[in-house]
Amino acid sequence: MSTHVVPTKTYAAIFVALMVLLGLTVGVAYIDLGPLNFAAAMTIAVLKAFLIIAVFMDVRSAQKRGSSGSRSC
Amino acid sequence: MSEPTPATAHQFETLEQQRESDILGMWAFLATEVLFFGGLIMCYTFARFSYPQAFAAASHHLYVSYGGPNTAILLCSSFTMALAVRAAQLGQRKALVGFLIPTILFGLGFLVVKGFEYRTDYVEQLVPRFRFHWDGPEAGHAELFFWLYFVLTGLHALHVTIGIGVLTIVAILGWRGRITAQNHMTAEVAGLYWHFVDIVWVFLFPLLYLIGHR
């Protein structure tokens, strides 16, 4: 049974990054960038989703597990 | 540390295989959830690009002072959720419950803020059909924005409510020692669901709240 455990520090760093991105997305909304406002908001949202999926939902280490070939069927 | 048998259901050869199946099952469910919310967000996108002025004006009536803190609350809950799953992986019973409780409280906090926000929307006559009053031009298009706002945030709030229920069950199981390092999939799968609900909000927040400010 090879459950890979992510260090607490990594989760904390991702949490801080998510909060910074939240601040950024609110800040950018108040600056007039024309059509780029929408692009900026969506880019930041995708980035936040990526961080959550890769680290909190553990897809990153699941991929490592998969590639190291621990499959038995 | 209690040691109940590492329950491998009879259709699985190994615990590892069962673990992978559990996770795959949840991801398959989340894929259907993406289709579910995706269709609605597609409607939103189409309407928004059809009526950009009305949507910007309507969005301006939502309060970033509700939506912003609520986003922060959900991000906090995702953080404590990740720590709870980590505790489950390590078989730390008390830490598991200790991180699930704040996660549940953050979820409840989100719903309370959302409740106050809906009340404000009601007072400001922004509830389509039921109580809607619009002074500017394109009242119908503005009303469409609020239809989408209530459907999207309402369905999201429903997901948060279900998530709170699921996490409460996980916390009770954890407290009873039913979640161990060997067999922690209940916590892991609940965590995937909770993070997904957070991601939905990460998109809803800029789409609904942040388009009318510049």
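The helices (runs of 4 or more DSSP H) falling completely within chain A that include 2 or more residues that are modelled with pLDDT of 90 or more map to A:8-29, A:36-51. Among the residues of the range A:9-41, which ones are surrounded by 12 or more Cβ atoms within 10 Å (Cβ to Cβ) and at the interface with chain B (Cβ under 7 Å from one of its Cβ atoms)? Correct list: A:Tyr11, A:Phe15, A:Leu18, A:Met19, A:Leu22, A:Thr25, A:Val26, A:Ala29, A:Asn37, A:Ala41. Is it true that some residue in the range B:165-179 is outside any helix (DSSP H, G or I), buried (at least 21 other Cβ atoms within 10 Å of the Cβ) and in contact with a helix residue (DSSP H, G or I) (Cβ under 9 Å, 6 or more places away or on another chain)? So far as the range B:165-179 goes, yes, one or more of its residues are outside any helix (DSSP H, G or I), buried (at least 21 other Cβ atoms within 10 Å of the Cβ) and in contact with a helix residue (DSSP H, G or I) (Cβ under 9 Å, 6 or more places away or on another chain). When the residues of the range B:131-171 are filtered to those that are β-branched (Val, Ile, Thr) and closer than 21 Å to B:Val34 by Cα, the one that is nearest to the chain's Cα centre (by Cα) is B:Val160. Filtering the range B:171-213 to residues that are more than 10 Å from every other protein chain (Cβ to nearest Cβ), of a type in the set (A, V, I, L, M) and over 23 Å from B:Thr32 (Cα atoms) leaves B:Ala171, B:Ile172, B:Leu173, B:Ile179.
From B:Gln53, B:Gln92, which residue is closer than 23 Å to B:Leu204 by Cα and not charged (D, E, K, R)?
Numbers: B:Gln92 fails: closer than 23 Å to B:Leu204 by Cα.
Within the list B:Gln53, B:Gln92, the selection yields B:Gln53.
The number of residues in the range A:43-61 being facing chain B (nearest Cβ under 7 Å) and closer than 15 Å to B:Thr71 by Cα comes to 4. Restricting to the range A:16-44, name every residue that is touching a Ser or Thr at 6+ places or on another chain (Cβ under 8 Å) and closer than 17 Å to B:Phe79 by Cα. Within the range A:16-44, A:Leu18, A:Leu22 meet the criteria. The residues listed here are B:Gly91, B:Gly107, B:Gly154, B:Gly115; of these, the one that is without any contact (Cβ under 8 Å) to a residue 24 or more places away in the chain and farther than 27 Å from B:Tyr51 by Cβ is B:Gly115. Just to be sure, is B:Met81 within 20 Å of A:Ala39 (Cβ to Cβ) and hydrophobic (A, V, I, L, M, F, W, C)? So B:Met81 does not fit the description; no.
The values are calculated or read from the model by the stated rules, or taken from the named source; none is laboratory data. Since we're looking at a predicted model, the values are computed, not measured. A quick note on method: Cβ atoms are made from the backbone with ideal geometry, for glycine too, and the neighbour counts reach across all protein chains shown.
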